[in-house]
């Protein structure tokens, strides 16, 4: 659990290690402290590590692993003495350092892996979360913007992307076809065309509620699962779409020459959410290797 005083310190376990350490490290470096209650040096270095975690203001997080309670994790990391510190960054273990290092050496170790103290957050800074814009309202707003500045190609690209969100694929494709060469190769335009490829699969496809009913009646209806996954992906619910493709893979990885695997890979090319892609890539790899 997270320290109530220091939000950058938490207890890591076998159950939360993948999510709270490996996946977390894709955004923020994680320093893993392998320790035990009976270990004298651990009692020395522990408060120093927690002090640094507080002073660095989230530039890294400290994951504490009690080796007595988490023997599986200790064995996986081949921990032979404690305390031992392990740095995990970008989903990779960068190295292990045994012993109770003094504060100066701990700061040097963090600096070597690119971790520097972050500025303290302003005391009165309250994050303002904007309400999500209705996709149809967004289309109307962008239509007016294009009418006001018809020669501004960037607005046409924005409108094409907004149209895709409400399923107006025909008009979106027409707008993409009018883009100048410099925008036609823009990453957003390329992904939009890939999304159109998914949308083309939905021609004459049953509506979402019919597909859901078909799956409820027969969970092994992989054709319905595929179309439902595509529908949700095109509608912007990437997690739900990938979940359908993954379930297809679990039930029959060879269905239609590996349709589930191909759909997952094509979706990875379209999406922008690196954390979501990484999570499903791992699931896919684990399933294919099992």
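The values are calculated or read from the model by the stated rules, or taken from the named source; none is laboratory data. Computed from a predicted structure; not experimentally measured. All Cβ positions, even for glycine, are placed from backbone atoms using ideal geometry, and neighbour counts span all protein chains on display.
Flag set for residue 63, criterion: within 21 Å of the chain's Cα centre (by Cα), surrounded by 18 or more Cβ atoms within 10 Å (Cβ to Cβ) and touching a residue at least 24 places away in the same chain (Cβ under 8 Å). Output the residues belonging to the stretch 66-91 that are free of Cβ contacts under 8 Å to residues at least 60 places away in the same chain, surrounded by 15 or more Cβ atoms within 10 Å (Cβ to Cβ) and closer than 24 Å to residue 23 by Cα. Those that are free of Cβ contacts under 8 Å to residues at least 60 places away in the same chain, surrounded by 15 or more Cβ atoms within 10 Å (Cβ to Cβ) and closer than 24 Å to residue 23 by Cα: 66, 67, 70, 74, 77, 79, 83, 84, 85, 86, 87.
Residue 127 falls short on exactly one of the conditions (1) modelled with pLDDT under 80; (2) surrounded by fewer than 12 Cβ atoms within 10 Å (Cβ to Cβ); (3) in contact with a helix residue (DSSP H, G or I) (Cβ under 8 Å, 6 or more places away or on another chain), and that condition is (3). Scanning for something closer than 19 Å to residue 267 by Cβ, without any contact (Cβ under 8 Å) to a residue 24 or more places away in the chain and assigned by TED's automatic domain parsing to the domain that holds residue 140, does the stretch 194-201 turn up at least one residue? No, every residue in the stretch 194-201 fails to be closer than 19 Å to residue 267 by Cβ, without any contact (Cβ under 8 Å) to a residue 24 or more places away in the chain and assigned by TED's automatic domain parsing to the domain that holds residue 140.
When residue 22 is tested against the conditions (1) outside any helix (DSSP H, G or I); (2) modelled with pLDDT of 90 or more; (3) touching a strand residue (DSSP E or B) at 6+ places or on another chain (Cβ under 9 Å), the lone failure is (1). Here the strands (runs of 3 or more DSSP E) wholly within the stretch 43-113 that include at least 2 residues being modelled with pLDDT under 90 and in the same structural domain as residue 14 (by TED's automatic domain parsing) are 92-98. Checking every residue in the stretch 180-188 against the condition of being within 19 Å of residue 237 (Cα to Cα), touching a residue at least 60 places away in the same chain (Cβ under 8 Å) and touching a helix residue (DSSP H, G or I) at 6+ places or on another chain (Cβ under 7 Å) gives zero matches. Of the numbered criteria (1) part of a helix (DSSP H, G or I); (2) surrounded by 13 or more Cβ atoms within 10 Å (Cβ to Cβ); (3) touching a helix residue (DSSP H, G or I) at 6+ places or on another chain (Cβ under 7 Å), the one residue 253 fails is (1). Considering each of 239, 134 in turn, give the residue that is at pLDDT 85 or above and either within 30 Å of residue 254 (Cα to Cα) or within 28 Å of the chain's Cα centre (by Cα) (or both). Being at pLDDT 85 or above and either within 30 Å of residue 254 (Cα to Cα) or within 28 Å of the chain's Cα centre (by Cα) (or both) holds for just one of 239, 134, which is 239. Residues considered: 163, 233, 264, 196. Of these, the only one that is farther than 24 Å from residue 139 by Cα, outside any loop (DSSP other than H, G, I, E, B) and within 27 Å of the chain's Cα centre (by Cα) is 264.
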